[in-house]
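To keep things clear, I will list the structure first and then write my remarks on it.
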Amino acid sequence: MSKYLDSIIAGFGGQGVMLIGNLLAYSGMNAGLNVTYIPVYGPEMRGGTANCTVVLSDDEIGSPIIRSPHSLIIMNRPSLDKFQPMLMDDGVQIVNSSLIDAELVDTDRIKSYMVPCNDIADKLGNTRMANMVALGAFIKATGIMDLQAVIDSLENVISAHYHHLIPKNAEALKAGAAAI
């Protein structure tokens, strides 16, 4: 059976959305999948909503453009408002319940996983790792690849100056997967 998953990852600028999109793309490549990654830059870096798209497939990818995604990682309310209606029926979404009220989340037509990403990251000692918590939950919920492939790819996206943070990021990924 062939693997295919397209995703939109969205949140406030500064929440590490581009970092986990890049990590997901590298992980897919390292797992032998074909990958596209498109970051969306602009006023997002100043606190607006930032997003990126990642397509993972073991077949050739026809287009990196996603109109109705199979999956979402939603880190804030404006991103939920914008992207949740686009998610295909029976799609999978990880929702950061630390910042988004549960009653706003569609649980009828979508497989929604409420994960308190910021709260889990706080317990690990660094709120900035909420993005890694979300990605760990996403990997577990979608089953697109083994979590270890993501952990092994951390060195591809975290600069050498910050390699000492790789074990903490790995811990955050595992905590996110455990939340599912």
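The values are calculated or read from the model by the stated rules, or taken from the named source; none is laboratory data. Every value quoted in this text rests on a predicted model; they were computed, and no experiment measured them. Cβ coordinates were reconstructed from backbone atoms using ideal geometry, including for glycine residues, and neighbour counts include every protein chain displayed. Please note that ligands, DNA and RNA were not included when accessible areas were found on the heavy atoms of the full protein model with its side chains. Shrake-Rupley method; radii C 1.70, N 1.55, O 1.52, S 1.80 Å.
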* Carbon/sulfur fraction of accessible area - the chain, other protein chains in place, 1.4 Å, % -> 51 percent
* Where the only charges are on Cβ atoms (+1 Lys, Arg; -1 Asp, Glu), what is the dipole of segment 1-147 about its Cα centre, to the nearest 20 debye? -> 340 debye
* When DSSP beta bridges are limited to those with both residues in the chain, what percentage is antiparallel, rounded to the nearest 5? -> 55 percent
* If the cut-off is 28 Å between C-alpha atoms, which lysines fall inside it for LYS111, apart from same-chain ones fewer than 8 positions away? -> LYS3, LYS82, LYS123, LYS140, LYS174
* Hypothetical label at ILE166: residues of segment 127-147 whose amide nitrogen lies under 19 Å (7 Å Cα-Cβ projection) -> 129, 132-133, 136, 146-147
* To do: Could you please state, rounded to a whole Å, how far the C-alpha centre of segment 46-75 is from the C-alpha centre of segment 85-103?
  => 15 Å
* trypsin sites (Lys or Arg not before Pro) restricted to DSSP loop in segment 82-180 with at most 12 other C-beta within 10 Å -> ARG109
* **For the chain, accessible area per residue (1.4 Å probe, heavy atoms of protein chains only), Å²** => 47 Å²
* What full-extension length gain, to one decimal in nm, is calculated for LYS82 and ASN156 as 0.36 nm per residue of separation minus the Cα-Cα distance? -> 23.6 nm
* Asked: Picking from LEU124, LEU24, LEU80, which is most flexible by a Gaussian network model of the chain using Cα springs under 10 Å?
  -> LEU124
* **aspartates and glutamates with Cα under 18 Å of LYS168, excluding same-chain neighbours fewer than 8 positions away** => ASP119, ASP122, ASP152, GLU155
* Between LYS123 and LEU104, 0.36 nm times their residue separation minus their Cα-Cα distance comes to what? -> 4.3 nm
